[in-house]
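Read the structure below first, then the notes.
The values are calculated or read from the model by the stated rules, or taken from the named source; none is laboratory data. What you are looking at is a predicted structure, and each value in this text was computed from that prediction instead of being measured. When we count neighbours, we look across all protein chains shown, and the Cβ atoms used for this are built from the backbone with ideal geometry, even at glycine. Please note that ligands, DNA and RNA were not included when accessible areas were found on the heavy atoms of the full protein model with its side chains. Shrake-Rupley method; radii C 1.70, N 1.55, O 1.52, S 1.80 Å.
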Amino acid sequence: GNGKAAAHPEGVRAFSDQEIQLLRERIEKSTKLGATDLLAWDILAVFGLRPQELIGLEVKSDAQGVPIAVVTRSKRSSKGATRPRQVPAVPPAGWPTDCYVLLLRWRAHGLPEWSQRASGPGGHMTQQLRRLQMPSDLTSYGLRHAFALRLGLELGLHVRESAELMGHSPQVHLATYGRRLDGPSLQRKVQKLVAGRGRQAAGV
């Protein structure tokens, strides 16, 4: 995750499903970006990868035909190490189960050349966002953040399960996404307790 983004009171700045659709539409209409660029963005959206994890990536399918990303790139930092892993596709709401024929597109042309440079696919992708006139507070990591929230809020995965799919520790996952994952349920719990206290004081 992105520590600077996580420090915001609202938590990380993730793409909404509507913003992901808008991004796809703008890439498809762009005269400067092509099919391989769209594939790179779709892969970040459905697998929750870091841009650097596009380097050396493989995409295959399971027995049911669900796309799976085979991440081979590892990373070591002060927050710990990431490891190679396999991640099943978890597309945004409203997407077809084949993720817009993602496997066919992967086999047809693969990823763009820029995505395999160690100098930083993330910076390149953020520049593309600016050229596409997406909201200025969105970065390429915003799709990873959206994936994490999808796992927790929509699928209801445990923190440990989500962290495993995202390739980091549960501690990093909680530090980065805890406010967004726990905030709504915590607010509902407090409101319910306060309402109950009010009824008790009124003798109801």
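Residue pairs whose Cβ atoms lie under 6 Å apart, sitting 6 or more positions apart in sequence or on different chains, and linking a residue in region 68-79 that is modelled with pLDDT of 95 or more to a partner that is among the aromatic types (Phe, Trp, Tyr), are Ala69/Phe47. Annotation note: Cβ proximity below 8 Å between a residue of region 145-170 that is closer than 17 Å to Val12 by Cβ and of a type in the set (Val, Ile, Thr) and a residue that is modelled with pLDDT under 95 and open to solvent by 40 Å² or more (accessible area, probe 1.4 Å) (sequence gap 6+ or interchain) occurs for Val159/Leu174. Closer than 21 Å to Ala14 by Cβ, touching a Lys or Arg at 6+ places or on another chain (Cβ under 8 Å) and not hydroxyl-bearing (Ser, Thr, Tyr): does that describe Gly122? So Gly122 fits the description; yes.
Of Glu154, Glu161, all but one fail to be acidic (Asp, Glu), open to solvent by less than 100 Å² (accessible area, probe 1.4 Å) and under 25 Å from Asp62 (Cα atoms); the exception is Glu161. Answer yes if at least one residue in region 60-67 is under 19 Å from Gly123 (Cα atoms), open to solvent by 10 Å² or more (accessible area, probe 1.4 Å) and among the polar types (S, T, N, Q), and no otherwise. No - not one qualifying residue is present in region 60-67. For region 158-197, filtering for residues that are modelled with pLDDT of 85 or more and charged (D, E, K, R) leaves 3. Looking only at region 135-151, residues that are open to solvent by 10 Å² or more (accessible area, probe 1.4 Å) and farther than 15 Å from Ala93 by Cα come to 5 in all.
Take the residues of region 1-31 that are at pLDDT 95 or above and of a type in the set (D, E, K, R): which is most open to solvent (accessible area, probe 1.4 Å)? Across region 1-31, the extreme among qualifying residues is Lys29.
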